[in-house]
Each structure stands twice: as C-alpha cells, then as structure tokens.
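First the structure, in the form of structure tokens, and then the observations on it.
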Amino acid sequence: MTIKDTFSTPHESKTIQSESACIHDPASNSSMVITDSIPTEALLIGICTSDRHPTLSGRVKVEWTEGSGQKFSRWLPCLKGVEPSLHDRLLVSKPKNYPEGIVLGILDGFHPRSAPEKQTGPSMTLKRHESVCITSLNGEPLLKISMDKHGPVVQLMIDKVQLEFPGELRVSADSIGFLARKGEINLEASDDVIIKGETIALN
C-alpha cells in the first residue's frame with residue numbers, strides 16, 4: 001500500500017511506502033503493531049489529545065493538521081523524561097532507523113497543568129501479629145512497621161537517630177505527646193522559643 005506523505009512542506013509532495021513494526025513494552029509485557037506514514041527526519045508540531053495509553057507506557061496521543069487542513073492522530077512514544085499533559089504542544093520527529101515518530105519535547109512548558117491523578121502502587125496487608133522490617137546490607141534492623149490495638153506503629157530500630165530537613169518542618173495532629181523514658185528533653189533554637197496555649201502547666 002502507498003500513502004501520501006503527510007508531513008512534506010507546502011512545496012513538496014511525495015509518495016512513500018508505509019512502514020510497520022512490532023513494538024514491545026517491557027513494563028506492561030504487551031506489544032502492538034504500528035504503521036506510520038511520517039517521513040524520515042520530519043519535524044512537526046502536534047497537540048496532546050490523551051496523555052495515557054490504555055496498555056503501553058510512555059506513549060501519548062498526538063493530533064496534528066497538515067497544510068491541506070486534514071487532521072491526523074497517532075499514539076507516539078516519548079523521550080525519557082518527557083511527560084506531556086493534555087493540550088500541550090509537542091515537537092515530534094522520526095529517526096531514520098525507527099518506524100514511527102517520537103515526541104521530543106514540550107513547546108509550552110508554562111501551559112497550566114491539571115494535578116496528576118494519584119495512582120495506587122504496590123500494597124501489603126499486615127495482620128496484628130505481623131510486621132514489615134527494613135534492614136541494612138549486613139542485616140541490621142533499621143525500621144519496623146507493625147500494628148497494635150491503637151493503630152500503626154513505626155519504630156526506628158537503632159539506638160541513635162538524627163532527623164535533618166533543609167527547610168521548614170511542621171507537625172500537625174489532634175494531640176501530640178513527647179515522652180522521654182530516660183533522660184531530659186532538650187529544646188534549642190537560634191532565635192526566640194514561642195509557646196502558645198490556653199493554659200501552660202509546668203509540673
């Protein structure tokens with residue numbers, strides 16, 4: 001079958017043989033046969049009309065209009081790190097030794113983006129008598145997650161722990177308690193220490 005080259009310039013028109021290939025996606029362990037009419041080394045501007053392929057990872061649906069006004073649409077792979085959102089303008093090209101176009105980048109990176117949907121990742125079910133433990137390379141327990149009658153318990157399993165944050169840290173809960181089983185509680189600040197409450201009880 002022959003098809004009209006849909007990406008030639010307004011002053012060029014040629015007929016090329018359609019190319020087909022089987023593309024395998026390791027992430028989903030699935031394959032698809034693609035037929036693409038994009039001429040080698042062509043560049044085009046398209047619009048992302050869907051940012052999630054139903055089965056293959058790393059592909060978005062791109063729609064473009066050629067000089068005659070005819071519209072075309074293809075599912076195309078993206079370069080690693082390129083994550084288009086719906087309605088983004090995309091730069092697409094086709095290498096010499098690959099049978100379909102590739103999304104190279106996003107033209108309007110400041111385009112307003114909707115918040116990405118949260119995806120459910122791997123999960124694990126724990127019974128009351130079970131726990132999850134993270135260890136070091138030599139088998140030393142570092143962190144343990146378990147359940148008791150009050151809810152989840154997170155335990156750091158080493159004697160001395162230091163938590164550092166580059167910016168601001170805020171802790172929020174209905175109530176907060178600090179317990180030092182042995183020794184004192186030491187609070188230090190390079191500026192004022194402010195305590196606010198309806199009643200401040202000391203001893």
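The values are calculated or read from the model by the stated rules, or taken from the named source; none is laboratory data. If you're wondering where the values come from, they're calculated on a predicted model, not measured in any experiment. Please note: Cβ atoms are built from the backbone with ideal geometry, for glycine as well, and neighbour counts cover all protein chains shown.
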### Task
Could you tell me whether segment 181-195 includes any residue that is at pLDDT 90 or above, assigned to a loop (DSSP other than H, G, I, E, B), of a type in the set (Gly, Ala, Ser) and more than 29 Å from the chain's Cα centre (by Cα)?
yes
### Query
For segment 153-172, does any single residue satisfy the condition of being in a loop (DSSP other than H, G, I, E, B), charged (D, E, K, R), outside the structural domain of Val62 (by TED's automatic domain parsing) and at pLDDT 90 or above?
yes
### Query
Got at least one residue in segment 107-116 being in contact with a strand residue (DSSP E or B) (Cβ under 6 Å, 6 or more places away or on another chain) and either surrounded by 10 or more Cβ atoms within 10 Å (Cβ to Cβ) or assigned by TED's automatic domain parsing to the domain that holds His87 (or both)?
yes
